[in-house]
Structure formats: structure tokens, C-alpha cells
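J.: Handing you this structure, nothing more for now.
Only the coordinates and a few stated rules stand behind these numbers; no lab work does. Note that the structure is predicted; figures quoted are calculated from it, not measured. All Cβ positions, glycine included, derive from the backbone under ideal geometry; neighbour counts span all protein chains shown.
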């Protein structure tokens, strides 16, 4: 919960503050993964300061109470893990807030082998994320989870629950008829984590976990995250853009209820391929990851020494228009998505880029800064036809962009043609050269998506 406050020193983002924030994420990601392994649940992804995980076993609708017990037990152990980290490593102190929901979701396994994009989409993921978003620490259950829990009492309490869940004593339980000893799992996970921390401090890992930053010459589309561990991290001024498909959770829920999941997954596959291709192929941007039905991308213009702020803002505004034009083409071509929209948020600022957490395939692609946090929050305040600029992006923008977005920093229905026409009021060879190349639709990759439903 305290990640955003760590990003700044006296109101400014600095190399030192970014290093401190990434070290916090790096440490907590590693600790979380060891705990996830012990509880035999599945990490979907980390995104900035958030973890998304799912409890898949024991399977079957009749075992939903057991899965809920495991989820709550993990949440309590997760909070205790953070508390122990705070005690042993004060520089990593933070509060924790957990949201839990339960129900059917669509699981999608996609992305490249070295950059997987696993997704669980639908109401449970969406609702749990909203429950986890708030100012009060603790564990927060959806109404569905509370009903299932209350219908399946009594629970067996553990010492861990009584020690750390004061005021929330009903929530940490062990499953009846099973040997889910959360205290033991937590103890083993923390021992494994402490062993890893000692290895990092020893000569076995002399520099891998130490953050060293450098500027990268745009375009950013050629970034290979595997080549950027903490010791070779990028840090530069750039634009962060979030584009979220408005109404997609309800669309997926309806697809599950109507037995039309295959079409929904196929549509999402095309929509995501389109968004990633527009960022990469048309504007030289880099997709960081998909978060559900949302894409997070980065974009910059400049040279080997510095980022050109004015050109970057112009380019990211056109990229937002390109995303909307591409999305509208998809709505014409794909069945059943006419009611969906696209909400886009943009911000600008210094941002570190690297992979952190456990080594190898379990490591996490990250681009975490004030700009990435604000661009996501700007997207949330948009409707399905709107694009919004964060305050820093607005301040760094050329006058014509500020005029387009107005004092509310929001514009509706700005597609690629509109963005080029509006930006064209400021003579610029860059705008002219880009405007001369029309937007195009991108074909999805040939490999079919694999989807299934899980209770």
C-alpha cells in the first residue's frame, strides 16, 4: 500500500527513490513467490505494487468453500510475511490490503515463451482488484465469499490468525478434513526467502540485485526485458499509456453464462494483438504487459542522450488515436463487441524499466513510476470514448495538445485521423511524415488461443 510514497524524495522522483521502490518490489515479489509455492496456488502476475493470484484447488463447484479457506489463509500469511519483512528489513516496510472474490473466470495462456501474459478475466478478478484498492489495510471479502464462508461454519482457527488478524478473527482458517497448516507453510516460505536474501548478499550474487540505471535511445520497441536485470536497468523520461477495454468484464460474464466463451476469447486475442501492434509497429512503443483486458505501453522520442518531451507527447497522443481507430475497426469486424469501448490514460515522467523478482522465467517485467501509476488512474476516470492526460503530461505537452484536452485534460472520440488533424494545426515535419502513413489493421498471430473456464 505504501509503494507510491516510496517513489519520491521530497516530492521528486530521483534515481535513489526509484532504486528504493524497485528494491521493495524486488524483495516482496521474491517473498510472495516463495509463499505462493508453499500454498500451492497460482500467481497470475505482478503489476507494480499489486499481486494477482488464483486458488484453483481443490477443483469443483462443491469445493468452493475449501478454496475460499485456502485463499483467506494465504491472505493472512501474506500479511504476516510483509510484517516480518518490515521487522527484519525496515527499508521494505509497507502495509498490505487484500481483496478476495470467488466464482467462474476465463483463463487464457498467451504471450511469448520468454514474456508470458497469463490472464484470468471476469468478475472475480475484477471485483477482487477493486476490493484491494483502498486506504485501509486488511483483508476484504466480496459478498459472495462472505456468504459461502458463513454457510460453511464452523472453522478451525490457527495461532497465526489470532496473532495477526486482530479485529478480523473469523477469516484465517484451516480447511476441515485437510492438513492446511498455514503457520507451517509461512514458516517454511520465510526460511526459503531468508536463504535467498543471504545468497544475494553473498558473493554468489555479486551484482544481479543491485540497481544500475542508464538511458536508452528511442524507439523503445526493441527493448528485451530479459537483457535488463536490476544491474542493467533502464531509467528515462517517457510516456506511459494504459488502454482498457470498457465493458469487457460484463461481456465475459455474459459469455460464460451463455456458453460463448470461445468467441469472447477469440475476440480478446484479436483486440490485444491489435493494441500491441499499434504501439509497436506504428509508433515504436513497447508493451509492458496485458493486465486483464488492459494494455500498458511505453513510448518515447529522442536520441541517445535525452528524451524530447514535446515530440514524445505528440507521438503518444497520436498513438492513443491510433489505438482508438484500430479498436473501432475491430468493432466493425468482430461479432458481439459493438457495445464495448476503450478508455485511455496517459502520463509522462522518469520511469525505470527492468525485470525483477525471482530469476529466469519467474522474473517479472516492470515499469513502475509515478507516470505509470497516474496513467493507470487517468484511464480509470475515462468513459469508453475518452482519452485523458495526467498533470505531468499536460504540463510537458505543446500548446496545441493542451488546447485539445482542455482544462479537464480529457477529450472524447479522438481517433487517429482526428489527432493528426488537430496536431497538424502546429506545423511540424514529424507530424506531416507520420500523417502521410495511414493507419492499418493488424492480423492476429496464427497460433490459436487456449481457453477454459475454472470455478
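J.: Counting pairwise Cα distances across segment 213-454, what percent come out greater than 31 angstrom?
T.: In whole percent, the long-distance tail amounts to 22.
J.: How big is segment 1-134 on each of its three principal axes, counting only the C-alpha atoms and giving the largest first in Å?
T.: 52, 34, 26
J.: Please report the relative contact order for segment 285-422, taking Cα pairs under 8 Å with a sequence separation of at least 6, and give it as a percent rounded to a whole number. Write out the running numbers ahead of the final one.
T.: Numbers: 216 pairs, mean separation 34.9, N = 138.
RCO, segment 285-422: 25 percent.
J.: Here's a follow-up. If I model a spin label as a point 7 Å beyond the Cα along the Cα-Cβ vector, how far apart are those points for residue 417 and residue 226 in nm?
T.: 4.2 nm
J.: Where does each of 301, 115 land when they are ranked from fewest to most other beta-carbon atoms within 10 angstrom?
T.: 115, 301
J.: Starting from the 7 Å offset along Cα-to-Cβ, what nm value, one decimal, do you get for the label separation of residue 263 and residue 129?
T.: The answer from the label model is 2.4 nm.
J.: Which parts of segment 303-336 would a label at residue 403 reach, counting a residue when its backbone N lies under 13 Å from a point 7 Å out along Cα-to-Cβ?
T.: Inside the label zone: nothing.
J.: With r as the distance between the Cβ atoms of residue 150 and residue 56 and R0 = 30 Å, compute the FRET efficiency 1/(1 + (r/R0)^6) and round to 0.05. Before the final figure, lay out the partial values.
T.: Values: r = 23 Å, r/R0 = 0.77.
Calculated value: 0.85.
J.: Using the reciprocal of the averaged 1/r over all distinct C-alpha pairs, how large is the Kirkwood radius of segment 296-386 in Å?
T.: After inverting the pairwise mean of 1/r, the radius is 15.3 Å.
J.: What order, most packed first, do the peptides 346-356, 137-147 have when packing is the mean number of other Cβ atoms within 10 Å of each residue? If you can, show how the numbers build up before the last one.
T.: Numbers: 346-356: 25.9, 137-147: 17.6.
So the peptides 346-356, 137-147, ranked by packing, come out 346-356, 137-147.
J.: Right, here's the next one. So for each of 30-43, 54-67 I average, over its residues, the number of other beta carbons within 10 Å; can you give me the resulting order with the highest mean first?
T.: Going from most to least packed, we get 30-43, 54-67.
J.: Given 0.36 nm per residue, what is the gain on full extension from residue 214 to residue 84 after removing their alpha carbon distance, in nm?
T.: Extending this stretch completely gives an extra 43.5 nm.
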